[in-house]
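K.L.:
The structure follows.
The values are calculated or read from the model by the stated rules, or taken from the named source; none is laboratory data. Bear in mind that the values here come from a model prediction, so they are computed numbers and not experimental data. Here the Cβ positions follow ideal geometry from the backbone for every residue, glycine too, while neighbour counts run over all protein chains shown. What goes into the accessible areas is simple: the full protein's heavy atoms, side chains included, and nothing from ligands, DNA or RNA. Shrake-Rupley method; radii C 1.70, N 1.55, O 1.52, S 1.80 Å.
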Amino acid sequence: MPREQIEDVLSTAASMREVGRRKIKKVPTLRGRLVVTLFFENSTRTRTSFELAAKRLSADTLSFSVSTSSTAKGESLMDTARNIHAMSPDAIIIRHACAGAPHLLARSFPFSVINAGDGINEHPSQALLDMLTMRDHWGSLEGRTVAIVGDVQHSRVARSNIHGLTTMGAKVLVAGPGTMCRRELAGLPVERRHTIDDVVAEADAVMMLRIQRERLGKAVLPSAREYAAFYGLDLARLRRARPDVLVMHPGPINRGVEIGADVADGERSVILDQVTNGIAVRMALLFLLLGGREGEADVGA
Ligand code: NCD
(Lines give C-alpha, C1' and ligand atoms only; values in the text may rest on other atoms or scores of the structure.)
Protein backbone atom coordinates (compact mmCIF):
# COMPACT_ATOMS: atom_id res chain seq x y z
CA MET A 1 0.00 0.00 0.00
CA PRO A 2 1.32 3.43 -0.84
CA ARG A 3 1.73 5.97 1.92
CA GLU A 4 -1.37 8.03 0.98
CA GLN A 5 -3.56 4.91 1.16
CA ILE A 6 -2.19 3.95 4.59
CA GLU A 7 -2.81 7.50 5.79
CA ASP A 8 -6.35 7.36 4.40
CA VAL A 9 -7.10 4.12 6.29
CA LEU A 10 -5.59 5.41 9.53
CA SER A 11 -7.47 8.69 9.50
CA THR A 12 -10.74 6.99 8.53
CA ALA A 13 -10.16 4.52 11.38
CA ALA A 14 -9.62 7.36 13.82
CA SER A 15 -13.05 8.74 12.93
CA MET A 16 -14.65 5.27 13.07
CA ARG A 17 -13.37 4.78 16.60
CA GLU A 18 -15.87 7.32 17.86
CA VAL A 19 -18.75 4.95 16.97
CA GLY A 20 -17.39 2.38 19.44
CA ARG A 21 -17.59 4.89 22.28
CA ARG A 22 -21.29 5.52 21.83
CA LYS A 23 -24.06 3.84 23.78
CA ILE A 24 -25.56 2.58 20.51
CA LYS A 25 -22.49 1.33 18.65
CA LYS A 26 -23.94 1.21 15.17
CA VAL A 27 -24.22 3.40 12.08
CA PRO A 28 -26.25 2.63 8.92
CA THR A 29 -23.36 3.11 6.46
CA LEU A 30 -23.23 -0.44 5.03
CA ARG A 31 -26.85 -1.45 5.52
CA GLY A 32 -27.85 -4.28 3.19
CA ARG A 33 -24.25 -5.21 2.25
CA LEU A 34 -23.04 -8.77 2.87
CA VAL A 35 -19.64 -9.40 4.45
CA VAL A 36 -18.46 -13.03 4.63
CA THR A 37 -15.65 -14.31 6.82
CA LEU A 38 -13.88 -17.44 5.62
CA PHE A 39 -11.24 -18.61 8.07
CA PHE A 40 -9.17 -21.71 7.32
CA GLU A 41 -6.92 -21.08 10.31
CA ASN A 42 -7.60 -20.37 13.96
CA SER A 43 -8.32 -16.85 15.06
CA THR A 44 -9.65 -15.04 18.10
CA ARG A 45 -9.15 -11.32 17.58
CA THR A 46 -9.03 -10.96 13.81
CA ARG A 47 -12.25 -12.77 13.03
CA THR A 48 -14.30 -11.32 15.87
CA SER A 49 -13.12 -7.79 15.21
CA PHE A 50 -13.88 -8.03 11.47
CA GLU A 51 -17.35 -9.30 12.33
CA LEU A 52 -17.88 -6.60 14.90
CA ALA A 53 -16.60 -3.97 12.45
CA ALA A 54 -19.10 -5.13 9.81
CA LYS A 55 -21.93 -5.16 12.36
CA ARG A 56 -21.10 -1.66 13.61
CA LEU A 57 -21.52 -0.48 10.02
CA SER A 58 -24.86 -2.37 9.78
CA ALA A 59 -23.66 -4.89 7.17
CA ASP A 60 -25.00 -8.46 7.28
CA THR A 61 -22.33 -10.96 8.26
CA LEU A 62 -21.96 -14.59 7.42
CA SER A 63 -19.21 -16.62 8.94
CA PHE A 64 -18.02 -19.82 7.30
CA SER A 65 -16.40 -22.05 9.82
CA VAL A 66 -14.11 -24.35 7.93
CA SER A 67 -14.26 -27.19 10.44
CA THR A 68 -18.04 -27.49 10.03
CA SER A 69 -18.26 -26.57 6.33
CA SER A 70 -17.77 -28.72 3.23
CA THR A 71 -14.05 -28.01 3.15
CA ALA A 72 -13.85 -30.78 5.73
CA LYS A 73 -15.45 -32.96 3.04
CA GLY A 74 -12.78 -32.13 0.47
CA GLU A 75 -14.20 -29.07 -1.28
CA SER A 76 -11.51 -26.89 -2.86
CA LEU A 77 -10.98 -23.23 -1.98
CA MET A 78 -12.15 -22.17 -5.44
CA ASP A 79 -15.31 -24.26 -5.20
CA THR A 80 -16.09 -22.89 -1.75
CA ALA A 81 -15.58 -19.38 -3.13
CA ARG A 82 -17.80 -20.08 -6.17
CA ASN A 83 -20.58 -21.15 -3.82
CA ILE A 84 -20.18 -18.10 -1.63
CA HIS A 85 -20.14 -15.97 -4.80
CA ALA A 86 -23.54 -17.47 -5.67
CA MET A 87 -24.84 -15.83 -2.48
CA SER A 88 -23.81 -12.35 -3.74
CA PRO A 89 -21.34 -11.19 -1.07
CA ASP A 90 -19.89 -7.68 -1.23
CA ALA A 91 -16.69 -8.64 0.60
CA ILE A 92 -14.93 -11.80 1.71
CA ILE A 93 -12.43 -11.76 4.54
CA ILE A 94 -10.15 -14.75 4.21
CA ARG A 95 -7.45 -16.35 6.36
CA HIS A 96 -5.60 -19.25 4.83
CA ALA A 97 -2.43 -21.24 5.46
CA CYS A 98 -1.30 -20.75 1.84
CA ALA A 99 0.43 -17.53 0.89
CA GLY A 100 -1.45 -15.97 -2.03
CA ALA A 101 -4.89 -17.50 -1.34
CA PRO A 102 -6.54 -14.05 -0.95
CA HIS A 103 -4.91 -12.86 -4.20
CA LEU A 104 -6.26 -15.90 -6.02
CA LEU A 105 -9.81 -15.01 -4.93
CA ALA A 106 -9.33 -11.31 -5.66
CA ARG A 107 -8.22 -12.16 -9.21
CA SER A 108 -11.06 -14.57 -9.81
CA PHE A 109 -14.15 -12.88 -8.34
CA PRO A 110 -15.78 -9.46 -8.45
CA PHE A 111 -16.29 -9.09 -4.68
CA SER A 112 -13.78 -7.30 -2.47
CA VAL A 113 -11.27 -9.57 -0.76
CA ILE A 114 -9.50 -8.73 2.49
CA ASN A 115 -6.45 -10.72 3.51
CA ALA A 116 -6.82 -11.64 7.19
CA GLY A 117 -3.51 -13.54 7.14
CA ASP A 118 -2.11 -15.78 4.39
CA GLY A 119 0.44 -18.28 5.65
CA ILE A 120 3.76 -16.64 6.41
CA ASN A 121 3.14 -13.93 3.85
CA GLU A 122 1.13 -10.97 5.12
CA HIS A 123 -1.46 -9.78 7.62
CA PRO A 124 -2.13 -6.23 6.45
CA SER A 125 -5.02 -5.27 8.75
CA GLN A 126 -2.85 -6.21 11.76
CA ALA A 127 -0.06 -3.90 10.59
CA LEU A 128 -2.56 -1.10 10.02
CA LEU A 129 -3.98 -1.44 13.54
CA ASP A 130 -0.45 -1.57 14.94
CA MET A 131 0.42 1.62 13.06
CA LEU A 132 -2.76 3.31 14.31
CA THR A 133 -1.81 2.38 17.89
CA MET A 134 1.68 3.87 17.48
CA ARG A 135 0.38 6.96 15.71
CA ASP A 136 -2.00 7.61 18.62
CA HIS A 137 1.05 7.99 20.86
CA TRP A 138 3.46 9.72 18.52
CA GLY A 139 1.32 11.69 16.07
CA SER A 140 3.51 10.50 13.19
CA LEU A 141 5.55 7.39 12.44
CA GLU A 142 8.20 9.33 10.55
CA GLY A 143 11.67 8.95 12.06
CA ARG A 144 10.56 6.48 14.74
CA THR A 145 12.33 3.18 15.46
CA VAL A 146 10.34 -0.02 15.89
CA ALA A 147 11.94 -3.27 17.07
CA ILE A 148 10.36 -6.59 16.06
CA VAL A 149 11.61 -9.48 18.18
CA GLY A 150 11.29 -13.24 17.93
CA ASP A 151 10.04 -15.44 15.11
CA VAL A 152 10.28 -12.75 12.43
CA GLN A 153 10.92 -15.38 9.75
CA HIS A 154 7.51 -17.05 9.98
CA SER A 155 5.48 -14.03 11.03
CA ARG A 156 3.06 -12.45 8.58
CA VAL A 157 2.53 -9.73 11.18
CA ALA A 158 6.22 -8.84 11.00
CA ARG A 159 6.29 -8.80 7.21
CA SER A 160 3.26 -6.49 6.91
CA ASN A 161 4.60 -4.21 9.62
CA ILE A 162 8.01 -4.02 7.96
CA HIS A 163 6.41 -2.91 4.68
CA GLY A 164 3.95 -0.52 6.34
CA LEU A 165 6.30 1.07 8.84
CA THR A 166 9.11 1.68 6.38
CA THR A 167 6.62 3.14 3.88
CA MET A 168 5.58 5.55 6.62
CA GLY A 169 9.19 6.60 7.28
CA ALA A 170 9.96 4.52 10.37
CA LYS A 171 13.08 2.38 10.87
CA VAL A 172 12.62 -1.32 11.68
CA LEU A 173 15.12 -3.33 13.74
CA VAL A 174 14.75 -7.10 14.06
CA ALA A 175 16.26 -9.64 16.43
CA GLY A 176 15.61 -13.32 17.03
CA PRO A 177 17.22 -16.75 17.08
CA GLY A 178 19.08 -17.67 13.86
CA THR A 179 16.35 -20.08 12.67
CA MET A 180 13.63 -17.46 13.19
CA CYS A 181 15.42 -14.36 12.02
CA ARG A 182 17.63 -15.43 9.15
CA ARG A 183 20.10 -13.44 7.19
CA GLU A 184 17.87 -13.40 4.06
CA LEU A 185 15.62 -11.02 5.95
CA ALA A 186 18.22 -8.56 4.85
CA GLY A 187 16.28 -8.51 1.56
CA LEU A 188 13.61 -6.61 3.49
CA PRO A 189 14.20 -3.03 4.57
CA VAL A 190 15.26 -3.95 8.14
CA GLU A 191 18.38 -3.87 10.26
CA ARG A 192 19.10 -7.21 11.87
CA ARG A 193 20.77 -7.20 15.28
CA HIS A 194 22.07 -10.10 17.31
CA THR A 195 20.40 -9.74 20.65
CA ILE A 196 17.14 -8.45 22.02
CA ASP A 197 19.09 -6.00 24.20
CA ASP A 198 20.62 -4.44 21.08
CA VAL A 199 17.20 -3.51 19.72
CA VAL A 200 15.29 -2.74 22.92
CA ALA A 201 17.66 0.06 23.93
CA GLU A 202 17.09 1.93 20.66
CA ALA A 203 13.39 1.40 20.07
CA ASP A 204 10.37 3.68 20.45
CA ALA A 205 8.20 0.54 20.29
CA VAL A 206 9.03 -3.13 20.83
CA MET A 207 6.82 -5.63 19.08
CA MET A 208 7.07 -9.14 20.50
CA LEU A 209 6.08 -12.16 18.40
CA ARG A 210 4.77 -15.61 19.23
CA ILE A 211 6.84 -18.55 17.97
CA GLN A 212 4.84 -19.83 14.99
CA ARG A 213 5.07 -23.47 16.05
CA GLU A 214 2.45 -24.52 13.50
CA ARG A 215 4.72 -23.28 10.68
CA LEU A 216 8.07 -24.45 11.96
CA GLY A 217 7.80 -28.09 10.90
CA LYS A 218 10.78 -30.03 12.15
CA ALA A 219 13.01 -26.99 12.58
CA VAL A 220 15.01 -27.04 15.77
CA LEU A 221 13.05 -25.35 18.51
CA PRO A 222 14.68 -24.09 21.67
CA SER A 223 12.98 -24.99 24.93
CA ALA A 224 10.53 -22.36 26.16
CA ARG A 225 12.86 -21.59 29.07
CA GLU A 226 15.87 -21.13 26.88
CA TYR A 227 13.89 -18.98 24.45
CA ALA A 228 12.59 -16.77 27.27
CA ALA A 229 16.11 -16.37 28.65
CA PHE A 230 17.54 -15.17 25.32
CA TYR A 231 14.61 -13.52 23.57
CA GLY A 232 11.83 -12.94 26.10
CA LEU A 233 10.93 -9.42 27.17
CA ASP A 234 10.95 -9.31 30.96
CA LEU A 235 11.02 -6.37 33.36
CA ALA A 236 14.80 -6.40 33.69
CA ARG A 237 15.20 -5.98 29.91
CA LEU A 238 12.43 -3.41 29.73
CA ARG A 239 14.27 -1.24 32.28
CA ARG A 240 16.98 -0.72 29.68
CA ALA A 241 14.47 0.64 27.17
CA ARG A 242 13.38 4.26 26.81
CA PRO A 243 10.99 5.22 29.60
CA ASP A 244 8.19 5.96 27.12
CA VAL A 245 8.68 2.79 25.01
CA LEU A 246 5.51 1.07 23.76
CA VAL A 247 5.26 -2.69 24.30
CA MET A 248 3.20 -4.39 21.60
CA HIS A 249 2.11 -7.91 20.72
CA PRO A 250 -0.42 -9.02 18.08
CA GLY A 251 -1.63 -11.87 20.31
CA PRO A 252 -2.08 -14.62 21.18
CA ILE A 253 0.58 -14.07 23.85
CA ASN A 254 2.49 -16.86 25.51
CA ARG A 255 3.18 -15.50 28.97
CA GLY A 256 6.58 -16.42 30.26
CA VAL A 257 7.89 -17.30 26.80
CA GLU A 258 8.24 -14.26 24.51
CA ILE A 259 6.83 -11.84 27.06
CA GLY A 260 6.72 -11.77 30.86
CA ALA A 261 3.28 -11.48 32.47
CA ASP A 262 4.34 -8.32 34.34
CA VAL A 263 5.41 -6.71 31.05
CA ALA A 264 2.27 -7.78 29.17
CA ASP A 265 0.08 -6.32 31.92
CA GLY A 266 2.45 -3.47 32.74
CA GLU A 267 2.10 0.24 32.19
CA ARG A 268 4.09 0.31 28.92
CA SER A 269 1.87 -2.33 27.32
CA VAL A 270 -0.59 -1.23 24.62
CA ILE A 271 -1.59 -4.79 23.74
CA LEU A 272 -5.28 -4.30 24.51
CA ASP A 273 -5.34 -0.91 22.74
CA GLN A 274 -4.21 -2.83 19.66
CA VAL A 275 -7.32 -5.00 19.99
CA THR A 276 -9.64 -2.00 20.32
CA ASN A 277 -7.97 -0.28 17.37
CA GLY A 278 -8.44 -3.45 15.34
CA ILE A 279 -12.19 -2.86 15.20
CA ALA A 280 -11.78 0.74 14.01
CA VAL A 281 -9.22 -0.18 11.34
CA ARG A 282 -11.40 -2.99 10.04
CA MET A 283 -14.42 -0.67 9.96
CA ALA A 284 -12.32 1.74 7.89
CA LEU A 285 -11.22 -1.02 5.49
CA LEU A 286 -14.80 -2.20 4.93
CA PHE A 287 -16.04 1.35 4.56
CA LEU A 288 -13.36 2.33 2.05
CA LEU A 289 -13.67 -0.90 0.03
CA LEU A 290 -17.45 -1.01 -0.11
CA GLY A 291 -17.95 2.37 -1.64
CA GLY A 292 -16.99 4.93 1.00
CA ARG A 293 -15.00 7.97 -0.01
CA GLU A 294 -12.35 9.86 1.85
CA GLY A 295 -13.86 12.52 4.09
CA GLU A 296 -17.36 11.15 3.59
CA ALA A 297 -17.58 8.77 6.54
CA ASP A 298 -21.27 8.81 7.36
CA VAL A 299 -20.92 8.15 11.06
CA GLY A 300 -23.67 10.54 12.07
CA ALA A 301 -26.02 9.27 14.78
C1 NCD B 1 -1.35 -13.28 14.48
C2 NCD B 1 -1.60 -14.15 13.26
O3 NCD B 1 -2.56 -14.91 13.19
O4 NCD B 1 -0.82 -14.00 12.35
N5 NCD B 1 -2.45 -13.13 15.30
C6 NCD B 1 -3.36 -12.16 15.04
O7 NCD B 1 -4.00 -12.12 14.01
N8 NCD B 1 -3.53 -11.20 15.96
C9 NCD B 1 -0.12 -13.64 15.19
C10 NCD B 1 0.05 -15.06 15.72
O11 NCD B 1 -0.75 -15.94 15.47
O12 NCD B 1 1.04 -15.25 16.41
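K.L.:
Which residues, counting only those in the stretch 114-135, are open to solvent by less than 30 Å² (accessible area, probe 1.4 Å), of a type in the set (A, V, I, L, M, F, W, C) and not in a helix (DSSP H, G or I)?
P.N.:
From the stretch 114-135, those open to solvent by less than 30 Å² (accessible area, probe 1.4 Å) are 114-119, 123, 125-134; that's our starting set.
Among the residues that remain, those that are also of a type in the set (A, V, I, L, M, F, W, C) are: 114, 116, 127-129, 131-132, 134.
Of everything in the stretch 114-135, those that are open to solvent by less than 30 Å² (accessible area, probe 1.4 Å), of a type in the set (A, V, I, L, M, F, W, C) and not in a helix (DSSP H, G or I) turn out to be ILE114, ALA116.
K.L.:
Which condition from (1) away from the ligand (no atom under 15 Å from the Cβ); (2) surrounded by fewer than 20 Cβ atoms within 10 Å (Cβ to Cβ) is the one that LEU272 breaks?
P.N.:
(1)
K.L.:
What's the total number of residues in the stretch 212-240 that are within 24 Å of ALA97 (Cα to Cα) and either within 15 Å of the ligand (Cβ to nearest atom) or of a type in the set (A, V, I, L, M, F, W, C) (or both)?
P.N.:
8
K.L.:
Please find, among ARG82, ARG45, ARG107, the residue that is under 18 Å from the mean Cα position of the chain (by Cα), open to solvent by 50 Å² or more (accessible area, probe 1.4 Å) and not assigned by TED's automatic domain parsing to the domain that holds ASP151. Can you show your working first?
P.N.:
Numbers: ARG82 fails: under 18 Å from the mean Cα position of the chain (by Cα); ARG107 fails: under 18 Å from the mean Cα position of the chain (by Cα).
Going through ARG82, ARG45, ARG107 in turn, the sole match is ARG45.
K.L.:
Still on this structure, I have one more. So which residues in the stretch 152-171 are in contact with a strand residue (DSSP E or B) (Cβ under 7 Å, 6 or more places away or on another chain) and farther than 19 Å from GLY139 by Cβ, if there are any at all? Working first, answer last.
P.N.:
Keep residues of the stretch 152-171 that are in contact with a strand residue (DSSP E or B) (Cβ under 7 Å, 6 or more places away or on another chain), which gives 152, 156, 158-162, 165-166, 170-171.
Within the stretch 152-171, VAL152, ARG156, ALA158, ARG159, SER160, ILE162 qualify.
K.L.:
Filter the stretch 1-29 for residues that are surrounded by 21 or more Cβ atoms within 10 Å (Cβ to Cβ) and in contact with an Asp or Glu (Cβ under 8 Å, 6 or more places away or on another chain) and give the result.
P.N.:
First, pick out the residues of the stretch 1-29 that are surrounded by 21 or more Cβ atoms within 10 Å (Cβ to Cβ): 6, 9-10, 12-13, 16, 19, 27, 29.
Of everything in the stretch 1-29, those that are surrounded by 21 or more Cβ atoms within 10 Å (Cβ to Cβ) and in contact with an Asp or Glu (Cβ under 8 Å, 6 or more places away or on another chain) turn out to be THR12, VAL27, THR29.
K.L.:
Among the numbered conditions (1) within 30 Å of LEU233 (Cβ to Cβ); (2) within 16 Å of the ligand (Cβ to nearest atom), tell me where GLY139 comes up short.
P.N.:
(2)
K.L.:
Please specify each residue of the stretch 241-269 satisfying the condition of being within 16 Å of the ligand (Cβ to nearest atom), in contact (Cβ under 8 Å) with a residue 24 or more places away in the chain and part of a strand (DSSP E or B).
P.N.:
Those that are within 16 Å of the ligand (Cβ to nearest atom), in contact (Cβ under 8 Å) with a residue 24 or more places away in the chain and part of a strand (DSSP E or B): VAL247, MET248, ILE259.
K.L.:
In the stretch 142-167, how many residues are surrounded by fewer than 22 Cβ atoms within 10 Å (Cβ to Cβ) and either away from the ligand (no atom under 16 Å from the Cβ) or aromatic (Phe, Trp, Tyr) (or both)?
P.N.:
Total meeting the criteria: 6.
K.L.:
Would you check which residues across the stretch 114-135 are within 15 Å of ALA284 (Cα to Cα) and near the ligand (Cβ under 10 Å from one of its atoms) and list them?
P.N.:
Filtering the stretch 114-135 down to residues within 15 Å of ALA284 (Cα to Cα) leaves 114-116, 124-133.
Answer for the stretch 114-135, where residues must be within 15 Å of ALA284 (Cα to Cα) and near the ligand (Cβ under 10 Å from one of its atoms): ALA116, SER125, GLN126, LEU129, ASP130.
K.L.:
Residues to consider are VAL9, VAL19; find the one that is under 30 Å from SER140 (Cα atoms), at pLDDT below 95 and either in a helix (DSSP H, G or I) or under 19 Å from the mean Cα position of the chain (by Cα) (or both). Talk me through it step by step, then tell me what you get.
P.N.:
Values: VAL9 fails: at pLDDT below 95.
The unique qualifying residue is VAL19.
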